[in-house]
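Let me begin by presenting the structure, written as structure tokens, before commenting on it.
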Amino acid sequence: MNAPAKPDTFLGKILRGLTVGLAGVLLLALGILGAANLRVLVVGNRSVIEDSTRLPRPATGLILGTSPRSHGAEPNPFFEGRMDAAARLYREGVLDRLLLSGDNRRADYNEPGAMRDALLARGIPAAAITLDYAGFRTLDSVIRAQKVFHTQNTLIVTDDFHLPRALFIAAEIGLPAVGFASAHVPLRRSIRTRVREIFSRARACLDVYVWKTQPRFLGAPVPLSHVPSAGDSSAKSPLPENTAP
């Protein structure tokens, strides 16, 4: 004969209710995360062009910054890939101006300066380069490209997994842009960054649709540097750079 079932205790009911509630919250969070990622990928991937011969030219390259060094002081493959792609597009005649946008919030950390040095080492003339020291986040870089530097025919260069988010932000703020991905970094060296990007896409949706986030700094318009043609009187003028606030 089976023993009678023990009646539910008050504590047992509470624990069961909390479990169901937490499961519901988790499923809701996963649903929102998935929907946000789908939105970013659908909108962003519309403007990705894989064949460099199909890119509009001449274009202004918005090169998104990252640390030049990985943990352990090794060269960062994301940084090297972006610099290689930017230099290649300049040599192919796709880009005539390069806006290097990155983080320089500390005196000992200067992404735009590192990018400039890397591109100069790759043979890109300094006259084609403008630095944006206040690109603290992707959102800051894209909005500042529109509102501070007034880029035209904008071509965003960054990693394949990062590119849709940058283009999504550009599309939502009304900045006409296309994107070109730098060389693929193997999964074994990029898995953590790719997982983090999943959450960054969700935050981008909140920034754009809910919080209406603006860059930390804007400021007065800054003209882009350009390569002077023969007889151009601006050849002897100082190159404009957007200094850190």
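The values are calculated or read from the model by the stated rules, or taken from the named source; none is laboratory data. Please read these numbers as outputs of a predicted model, since none were measured by experiment. Glycine gets a Cβ as well: all are built from the backbone with ideal geometry, and neighbour counts include every protein chain shown.
Within the stretch 84-97, restricting attention to residues that are among the hydrophobic types (A, V, I, L, M, F, W, C) and in a helix (DSSP H, G or I), the residue that is farthest from P125 (Cα to Cα) is A85.
Starting from residues that are in contact with a helix residue (DSSP H, G or I) (Cβ under 6 Å, 6 or more places away or on another chain) and hydrophobic (A, V, I, L, M, F, W, C), keep the ones in the stretch 151-168 and report whichever is surrounded by the fewest Cβ atoms within 10 Å (Cβ to Cβ). Here the residue is F161. The set of residues in the stretch 47-68 that are surrounded by 12 or more Cβ atoms within 10 Å (Cβ to Cβ) and part of a loop (DSSP other than H, G, I, E, B) comprises S47, I49, L55, P56, R57, P58, G65, T66, S67, P68.
Scan G81, G21, G44 and give me the residue that is in a helix (DSSP H, G or I), without any contact (Cβ under 8 Å) to a residue 24 or more places away in the chain and not polar (S, T, N, Q). None of the others qualify; the one that does is G21. Being assigned to a loop (DSSP other than H, G, I, E, B) and within 16 Å of F78 (Cβ to Cβ) is the filter here, so list the residues in the stretch 123-149 that pass it. Result: G135, R137.
Restricting the stretch 69-92 to residues that are exposed (fewer than 12 other Cβ atoms within 10 Å of the Cβ) and among the small types (G, A, S) leaves a set whose member that is modelled with the highest pLDDT is A73. When P164, P125 are screened for being over 13 Å from the mean Cα position of the chain (by Cα) and of a type outside the set (G, A, S), only P125 passes.
One residue stands out among those in the stretch 150-184 that are among the hydroxyl-bearing types (S, T, Y) and in a strand (DSSP E or B): the one that is farthest from S47 (Cα to Cα), which is T158. Can we say A171 is in contact with a helix residue (DSSP H, G or I) (Cβ under 9 Å, 6 or more places away or on another chain) and either at pLDDT 95 or above or surrounded by fewer than 22 Cβ atoms within 10 Å (Cβ to Cβ) (or both)? Yes, satisfied.
Pairs, please: C-beta under 8 Å, at least 6 apart or cross-chain, first residue within 14 Å of R137 (Cα to Cα) and in the stretch 163-174, second of a type in the set (S, T, N, Q) and not in a helix (DSSP H, G or I)? From residues that are within 14 Å of R137 (Cα to Cα), the pairs are A166/T158; L167/S47; A170/S47; A170/T154. Residues in the stretch 135-150: is at least one under 16 Å from P68 (Cβ atoms), crowded, with 19+ Cβ neighbours inside 10 Å and over 14 Å from the mean Cα position of the chain (by Cα)? Scanning the stretch 135-150 turns up no residue that is under 16 Å from P68 (Cβ atoms), crowded, with 19+ Cβ neighbours inside 10 Å and over 14 Å from the mean Cα position of the chain (by Cα).
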